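Please read the structure below before turning to the comments.
The values are calculated or read from the model by the stated rules, or taken from the named source; none is laboratory data. Values in this document were obtained by computation on a predicted structure and should not be read as measured data. Every residue, glycine among them, receives a Cβ derived from its backbone with ideal geometry; neighbour counts consider all protein chains shown. In case anyone asks, the SASA skips ligands and DNA or RNA and just uses the protein heavy atoms, side chains included. Shrake-Rupley method; radii C 1.70, N 1.55, O 1.52, S 1.80 Å.
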Amino acid sequence: MTNENNVLTITNLRKRFDLEAGFFARFGKFVHAVNGVSFSIGRNETYGLVGESGCGKSTTAKLLVRMFDANEGEIIFRDPVTGENVDVRKIKGQDLRHYREKVRYVFQDPAKSLNPRMTVYEVLTSGARYSTNKRPDSVLRAEAANILEEVGLSAKDLERRPTEFSGGQRQRISIARGLLQKPSVLICDEVVSALDVSIQGQILNLLLELRNARKASGQEISYLFIAHNLRVACYFCDRIGVMYRGEIMEEAEADEIWRQDSGKSHPYTELLFSSMQSGDPNAQTPKVFAGEVKSVRSQTAEKTETGCAFVHRCPYVEDRCFKENPLLKEVKPGHRIRCWLR
C-alpha cells in the first residue's frame, strides 16, 4: 500500500536489455540493468541513488519518466494536489504528459541538453508551450524571468544563448527549465559531476535553498539525486540507496551511511568510501577489494547468474554468497542491507 506521505513509490522495478542487437542476434541473451529495485521518495525529501558508472541508477531514473519502459514492477505517483495515486506504467497520452510535468528531469551535461540555437527564453518555455496548463506568452515570459532570477541569473539573460554562459550557469538554466512547470519531483541526474568543486557546492546549495523556499510557500518539491560520489550525496540527501549491478545493496538515512559503523555497512558502501580517501595519514586503512569489476547481471538461455551481485569483489565472501542472492533486509529501523554477513 502506498504511503500518503510518499510522492513516488517504486516496487520491484526491473529493466533488461538485449545483450546483442541486429536481425541475426541470438534471442534470450539479456543484461539486467535494473533488477528488482524498490524505494520511495517522500514529500519535500531528497533521495539519493549512488553507485559507480553502469550500476543502473540513471536507467532507474529514466524508467520513472518513461524514457524507457520497465519490464516489471510498479511506479506509483501520488499527486500532492489531488491526492490521487497514478500507476505510471499504465498511463499514456494526455495523462502521461501531465505526469511528466509533475516529475521533471535535469540532465548531467547542460552543453548537450540545451539547444545552442535557441535563446534562454525559448529553452525555458519550449516545453510549456505544449503543456496541459497553457499560458499566454506574456505570462510565460514573466514566469521565465522570475525563475531565472530565482536560480541566480538575471531576467536580462532571457535573450542570450546557452553558449554564452559558463558550465555552472548553464546548469542553473537547466534547473530553471525543470522548475518552470512547478513540478512535485525534480530528478537530478549527476547534475554536479561535470562541474568544478567550488561550482558543485554552489549548485547543491541552490537546490537546497529552492526546496526550502518552496516548502515555506506551500509548494513542496522532492528530489531524486543521482550521483557516484557518496560523500556529496551524504551532504545533500536525506536518505540514500547504494546501487550495484542493478540492485540496491544498502539503504539508510544519509547520517547513518556517513557514520560508517564498523561491520554495520555493506561491503560495497565501504568500497565507495575507501575509494574517496583524502590521504589522511590517520585514516583507517581500507580492506582490499579485489576481483573483476562487473557492471550488470547477464542471462542467457543456458545460464542465469545466481548469488550476490557483489561476490566478485567482496573481501568477506563465503560459499553461500556464490549460490544465493541475499534479500534486502532491515537491520534496524530505516536501515536495510543486502548481505549475508550483516
Quick check on my filter: what residues within the range 245-262 are open to solvent by 10 Å² or more (accessible area, probe 1.4 Å) and modelled with pLDDT of 95 or more? Glu251, Glu253
Condition first: outside any loop (DSSP other than H, G, I, E, B) and under 30 Å from Ser265 (Cα atoms). Can you find one or more residues in the range 168-185 that meet it? yes
Pick from Arg239, Arg172: which is under 28 Å from Trp340 (Cβ atoms), open to solvent by 30 Å² or more (accessible area, probe 1.4 Å) and modelled with pLDDT of 90 or more? Arg239
Options Arg97, Arg104; residue that is open to solvent by 80 Å² or more (accessible area, probe 1.4 Å), of a type outside the set (Asp, Glu), under 30 Å from Asn71 (Cα atoms) and touching a residue at least 12 places away in the same chain (Cβ under 8 Å): Arg97
Which of the numbered conditions does Gln200 fail, given that it passes all the others? Conditions: (1) surrounded by 21 or more Cβ atoms within 10 Å (Cβ to Cβ); (2) within 24 Å of Glu52 (Cβ to Cβ). (1)
Kindly indicate whether Arg66 is of a type outside the set (Asp, Glu), more than 20 Å from the chain's Cα centre (by Cα) and at pLDDT 90 or above. no
Out of Ser265, Ser184, Ser222, report the one residue that is hydroxyl-bearing (Ser, Thr, Tyr), at pLDDT below 90 and surrounded by 22 or more Cβ atoms within 10 Å (Cβ to Cβ). Ser265
Reported set for the range 146-167 where residues are among the β-branched types (Val, Ile, Thr) and surrounded by fewer than 15 Cβ atoms within 10 Å (Cβ to Cβ) is Thr163
Using the structure shown, decide if Arg26 is in a loop (DSSP other than H, G, I, E, B) and either modelled with pLDDT of 95 or more or open to solvent by 60 Å² or more (accessible area, probe 1.4 Å) (or both). yes
Can you say whether Asn229 is free of Cβ contacts under 8 Å to residues at least 24 places away in the same chain and over 18 Å from Arg336 (Cβ atoms), as far as the supplied structure shows? no
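Looking at the range 43-55, which of its residues are touching a Leu at 6+ places or on another chain (Cβ under 9 Å) and farther than 12 Å from Met249 by Cα?
Correct list: Thr46, Tyr47, Gly48, Glu52.
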Which ones in the range 105-154 are touching a Phe, Trp or Tyr at 6+ places or on another chain (Cβ under 7 Å) and at pLDDT below 90? Ser113
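Take Gly42 and decide whether it is surrounded by fewer than 22 Cβ atoms within 10 Å (Cβ to Cβ), touching a strand residue (DSSP E or B) at 6+ places or on another chain (Cβ under 9 Å) and of a type outside the set (Asp, Glu).
yes
Results for (1) farther than 20 Å from Ile175 by Cβ; (2) open to solvent by less than 70 Å² (accessible area, probe 1.4 Å); (3) outside any helix (DSSP H, G or I), shown as yes or no for each residue.
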residue: Ser58; (1), (2), (3): no, yes, no
residue: Ile75; (1), (2), (3): yes, yes, yes
residue: Thr82; (1), (2), (3): yes, no, yes
residue: Val139; (1), (2), (3): yes, yes, no
residue: Ala144; (1), (2), (3): no, yes, no
With (1) farther than 24 Å from Asn212 by Cβ; (2) open to solvent by less than 60 Å² (accessible area, probe 1.4 Å) as the list, and Pro110 as the residue in question, which single condition is left unmet? (1)
Per the list (1) within 26 Å of Arg338 (Cβ to Cβ); (2) in contact with a Pro (Cβ under 8 Å, 6 or more places away or on another chain); (3) of a type in the set (Lys, Arg), residue check on Lys62 breaks on (2)
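For the subset of the range 195-235 comprising residues that are under 19 Å from the mean Cα position of the chain (by Cα) and among the hydroxyl-bearing types (Ser, Thr, Tyr), which member is nearest to Phe77 (Cα to Cα)?
My answer is Ser222.
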Only one of Arg89, Arg100, Arg135, Arg117 is outside any loop (DSSP other than H, G, I, E, B) and either under 20 Å from the mean Cα position of the chain (by Cα) or among the basic types (Lys, Arg) (or both). Can you tell me which? Arg100
